[in-house]
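The structure under discussion appears below in the form of structure tokens.
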Amino acid sequence: MEMDAASRTGVDDIRDLTEGMRYRPVSGRYKIYIIDEVHMLSKNAFNALLKTLEEPPPDVKFIFATTEIHKVPVTVLSRCQRFSLRRVPVELLIRHYRQIAEAEGVEIKPAALALIARAADGSVRDGLSLLDQAIALSAGQVEEAAVRDMLGVADRGLIFDLLESVVRGDAPAALAQMDGLYQGGADPLMILQDLLDLSHFVTRLKLAPEAGTGDPIAEGDRERARPLAEKLAMPVLARAWQMLLKGLEEVQVAPSPVQAAEMVLVRLAYVADLPGPAELVRAVVAPSAPGPALGNGATANLNPPASARAAAPPQAIETVSSAPSASNTLRVTVPLADSATEPERDPVPQSFADVVALFDRRREALIRSHLWSHFHLVSFEPGRIEFRPAEGAPRDLANRLGQLLSEWTGIRWLIAVSEAEGEPTLREQEQHRERELRNEVTSHPLVRAVLETFPGATIAAVRERFAASGPDTEGDEISLDNPGDEGNTGEEGS
């Protein structure tokens with residue numbers, strides 16, 4: 001018995017279903033209920049079905065079918081066995097659709113079958129719908145061109161021409177080819193999707209020469225794609241993939257998809273002959289080597305303007321006598337750091353308190369907080385610290401501490417993590433000192449006299465006060481709370 005949950009989503013429908021379960025099967029061992037698109041059931045309907053799923057009758061089986069498993073409640077999923085149906089391979093789909101076409105007496109070209117199988121994306125049912133459309137649109141013979149028009153897919157050869165123009169940096173030719181495809185009925189989104197698929201195939205072919213074996217479309221593209229795979233570098237292919245992937249999102253949300261697609265092609269053509277980051281680094285680090293080669297055979301022009309050349313030190317720039325052009329190279333070298341431009345170093349800390357003060361002065365508040373609260377010092381000497389991290393300390397505290405100290409002081413610091421107990425943290429030491437100070441103040445005769453004179457008074461805080469007038473004024477300031485004094489509610493006396 002089959003139930004379409006897309007049209008029967010309520011509690012009454014589930015109640016009718018469960019009512020029929022009370023009767024035993026007549027012609028078989030089991031009653032099998034198939035609920036299609038089960039994720040469309042309402043929350044109340046799922047709740048009504050839950051009790052039956054927990055204790056099903058012995059002669060009843062349920063089969064739930066859905067394409068959106070995340071919409072099914074967890075309480076239902078936990079009481080079911082889940083089977084994820086895999087995508088059907090393209091080769092098997094082509095074989096299946098060919099048998100159907102032969103049984104229907106329809107002649108269909110292998111390339112058209114391959115297009116339908118790839119558009120099905122692993123779904124037999126979707127491919128059958130496309131095959132039915134293709135047969136209805138053709139007069140007994142299904143051609144590749146008819147299927148491409150039906151799917152809005154451009155000719156594969158034209159996509160290759162477009163990709164070659166883009167990677168060659170020929171933006172006018174790429175725009176003209178894009179306009180021709182668009183006027184011919186191709187969808188701009190599908191054109192970018194085809195370019196994305198083609199760049200992925202060329203990348204796979206560069207890494208694995210046998211990529212795409214068994215796929216009829218890939219087999220036809222292999223000879224055309226092999227020269228591109230040999231010519232294009234891996235950074236160029238990776239950059240093209242990223243820009244096409246980003247452009248695909250822009251085309252989907254743009255008011256004019258064709259304009260967005262053209263702008264993607266312009267960006268791709270513009271960056272086609274730019275060197276990669278690794279080549280630029282090599283050009284700066286190795287000044288004696290020629291400039292990075294571009295895709296069209298030119299070299300990178302790294303010539304700074306005249307004002308920058310005048311301000312730079314003589315050893316920093318090497319020039320050539322010819323005028324700047326796309327075929328000559330001006331190399332920029334990095335001079336050695338002058339002693340006058342070296343950053344000012346901090347004095348080497350002689351104690352752990354100096355380290356904390358240094359981080360306070362450098363405004364590294366986060367690490368300073370960890371040094372205060374989560375740092376059990378085991379041993380200290382200039383250039384070496386051994387400590388035990390407390391619970392809550394970050395894992396990279398030792399690395400960050402050594403890196404910053406080395407950078408600020410100019411000497412190498414070794415920071416070691418130990419299992420020894422070590423000293424209490426600075427926070428614990430401060431708390432211990434506050435407790436001792438409070439106990440000392442509490443035992444003072446004058447304070448005891450005040451507490452006895454004002455029943456209910458408590459010591460709210462003990463603050464050390466160091467006056468500048470002289471040693472006679474040094475001492476502790478004690479704040480007392482007296483909740484029993486109605487006239488001084490909320491005030492403190494010293």
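The values are calculated or read from the model by the stated rules, or taken from the named source; none is laboratory data. Please read these numbers as outputs of a predicted model, since none were measured by experiment. Methodologically, a virtual Cβ is constructed for each residue, glycine included, from the backbone with ideal geometry; neighbour enumeration extends over all protein chains shown. These area figures cover heavy atoms from the full protein model, side chains too; ligands, DNA and RNA do not enter into them. Shrake-Rupley method; radii C 1.70, N 1.55, O 1.52, S 1.80 Å.
Here is how the numbers come out for the structure above:
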item	result
Single match in 132, 161 (criterion: among the charged types (D, E, K, R), assigned to a helix (DSSP H, G or I) and open to solvent by 60 Å² or more (accessible area, probe 1.4 Å))	132
Test result for residue 8, under 30 Å from residue 108 (Cα atoms) and either touching a residue at least 24 places away in the same chain (Cβ under 8 Å) or not aliphatic (A, V, I, L, M) (or both)	no
Residue satisfying all of: in the stretch 177-205; of a type outside the set (D, E, K, R) and not in a helix (DSSP H, G or I); surrounded by the fewest Cβ atoms within 10 Å (Cβ to Cβ) among these	185
Residues located in the stretch 3-23, provided they are among the acidic types (Asp, Glu) and open to solvent by 50 Å² or more (accessible area, probe 1.4 Å)	4, 12, 16, 19
Test result for residue 240, closer than 23 Å to residue 262 by Cα, of a type in the set (Gly, Ala, Ser), touching a helix residue (DSSP H, G or I) at 6+ places or on another chain (Cβ under 9 Å) and modelled with pLDDT of 80 or more	yes
Residues (within 30 Å of the chain's Cα centre (by Cα) and either over 21 Å from residue 150 (Cα atoms) or among the aliphatic types (A, V, I, L, M) (or both)) located in the stretch 106-119	119
When residues of the stretch 218-233 are limited to those that are open to solvent by 30 Å² or more (accessible area, probe 1.4 Å) and not small (Gly, Ala, Ser), the one modelled with the lowest pLDDT	219
Scope the stretch 425-444; condition closer than 30 Å to residue 384 by Cα and touching a helix residue (DSSP H, G or I) at 6+ places or on another chain (Cβ under 7 Å); matching residues	425, 426, 427
In the stretch 30-50, the residues that are assigned to a strand (DSSP E or B) and in contact with a Phe, Trp or Tyr (Cβ under 6 Å, 6 or more places away or on another chain)	33, 35
Close pairs from the stretch 376-388: first among the polar types (S, T, N, Q), partner part of a strand (DSSP E or B), Cβ under 9 Å, at least 6 apart	379/385; 379/386; 379/387; 379/416
Residue match in the stretch 97-105 (condition: surrounded by 13 or more Cβ atoms within 10 Å (Cβ to Cβ), touching a Ser or Thr at 6+ places or on another chain (Cβ under 8 Å) and under 24 Å from residue 144 (Cα atoms))	no
Checking residue 139 against (1) open to solvent by less than 60 Å² (accessible area, probe 1.4 Å); (2) in a loop (DSSP other than H, G, I, E, B); (3) without any contact (Cβ under 8 Å) to a residue 24 or more places away in the chain, the condition it does not meet	(1)
Residue, nearest to the chain's Cα centre (by Cα), within the stretch 160-186, restricted to residues that are within 22 Å of residue 249 (Cβ to Cβ) and without any contact (Cβ under 8 Å) to a residue 40 or more places away in the chain	186
Residue count for the stretch 51-75, restricted to those that are more than 32 Å from the chain's Cα centre (by Cα), in a helix (DSSP H, G or I) and either surrounded by 14 or more Cβ atoms within 10 Å (Cβ to Cβ) or modelled with pLDDT of 85 or more (or both)	2
